[in-house]
Amino acid sequence: MHSISKLPVIILLLAFVATAAAFTNQPAGKFKNLQVLPQDISEQKLDSIMESYNKALGVNCKFCHVNSLVFPGTEMDYASDKEPMKENARKMMRMTIDINKTYFYFNKEERPEYLSVITCRTCHRGEPFPEQ
């Protein structure tokens, strides 16, 4: 009889997990609010680029992104523009893309957004606010 009372709880937990998965799983190439990087970017490429930003500035995701309101503390809301630093990051991304495209874009087969001659690390060197 005790195990029968656990069944509704287990069903409720499974429903909660399924709902959470539906909100957090994003099909490849279908990211929300990408304004600088290409819309058809792969999840692997996007993660790689974001990880390079984290290392170059010595920060983590919360530097530019906010926590999700749906499941606070469990997931980042990467599409949100509530963190002002995110727009600064976009400006810096556009700047490095423009420098690379203008001065180092020799292979027209490679997308200029993916060039890495000049990167965040070039100036930041592991600091979120480099000395001038």
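Distance between the C-alpha centres of region 104-125 and region 31-91: 19 Å, rounded to the whole angstrom.
Distances between placed amide hydrogens fall under 5 Å for Asn67 paired with Asp77, all partners being 5 or more residues away or on another chain.
The stretch between Phe129 and Val70, if pulled fully straight at 0.36 nm per residue, gains 18.1 nm over its current Cα-Cα span. With 0.36 nm allotted per residue and the present C-alpha distance subtracted, the Lys101-Ser42 stretch has 19.1 nm of extension available. Computed from the C-beta positions of Asp81 and Lys55, the FRET efficiency with R₀ = 30 Å rounds to 0.80. Between Asn33 and Val117, what length comes free when the chain is fully extended (0.36 nm per residue of separation minus the Cα-Cα distance, one decimal in nm)? Additional length available on full extension: 27.7 nm. In order along region 106-112, the Karplus-derived 3J(HN,Hα) couplings, from 6.51 cos²θ - 1.76 cosθ + 1.60 at θ = phi - 60°, round to 8, 9, 6, 7, 9, 5, x Hz, and Gly and Pro are given as x.
Every read-out reported here was derived from the displayed coordinates using simple, explicitly stated rules and does not represent laboratory data. What you see is a predicted model, and the numbers here were worked out from it, not measured in a lab. Here the Cβ is made from the backbone with ideal geometry for all residues, glycine too, and neighbour counts use every protein chain on show.
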